[in-house]
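Participant: Below are the structure tokens for one structure; questions will follow.
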Amino acid sequence: MRLGEVALVSLIFGVGVAVVFALGVAAMARRAVAIDEKKPPSVVDTTVAGLCFAACLAAVFYGLYLIIPQFH
């Protein structure tokens, strides 16, 4: 039962981090297109990209916290 739970949580978080990162990249791409078209970049796209990348960074640091025993 424990191995199945670990596999399921790993799958959900692995896919989740990849999806959140992809959303951040898409928001940055929309921002870059706006800049190329000589328009001001959208505050929403900038904010979404920043939040997505911050969430990915937080997930990485949380994973390191769980792996490295000196942090406990």
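The values are calculated or read from the model by the stated rules, or taken from the named source; none is laboratory data. Computed from a predicted model, the values in this text were never measured in an experiment. Neighbour counts are summed over all protein chains in view; Cβ atoms, including those assigned to glycine, are modelled from backbone coordinates with ideal geometry. The protein model used for the area step is the full one, side chains on, heavy atoms only, and it has no ligands, DNA or RNA in it. Shrake-Rupley method; radii C 1.70, N 1.55, O 1.52, S 1.80 Å.
Participant: In the set 18, 34, 27, which member is touching an Asp or Glu at 6+ places or on another chain (Cβ under 9 Å), open to solvent by less than 100 Å² (accessible area, probe 1.4 Å), of a type in the set (Gly, Ala, Ser) and closer than 23 Å to residue 59 by Cβ?
Facilitator: Criteria check complete, one pass: 27.
Participant: Let me ask another. For segment 37-50, what are the residues that are among the aliphatic types (A, V, I, L, M) and loosely packed, with under 10 Cβ neighbours inside 10 Å?
Facilitator: Once the filter is applied, which keeps residues that are among the aliphatic types (A, V, I, L, M) and loosely packed, with under 10 Cβ neighbours inside 10 Å, segment 37-50 yields only 43.
Participant: Could you say which residue among 13, 53 is part of a helix (DSSP H, G or I), in contact with a Gly (Cβ under 8 Å, 6 or more places away or on another chain) and surrounded by 12 or more Cβ atoms within 10 Å (Cβ to Cβ)?
Facilitator: Result: 53 is the single residue among 13, 53 that is part of a helix (DSSP H, G or I), in contact with a Gly (Cβ under 8 Å, 6 or more places away or on another chain) and surrounded by 12 or more Cβ atoms within 10 Å (Cβ to Cβ).
Participant: Could I ask something else about it? Would you tally the residues in segment 17-49 being without any contact (Cβ under 8 Å) to a residue 12 or more places away in the chain and not aliphatic (A, V, I, L, M)?
Facilitator: Residues in segment 17-49 being without any contact (Cβ under 8 Å) to a residue 12 or more places away in the chain and not aliphatic (A, V, I, L, M): 7 in total.
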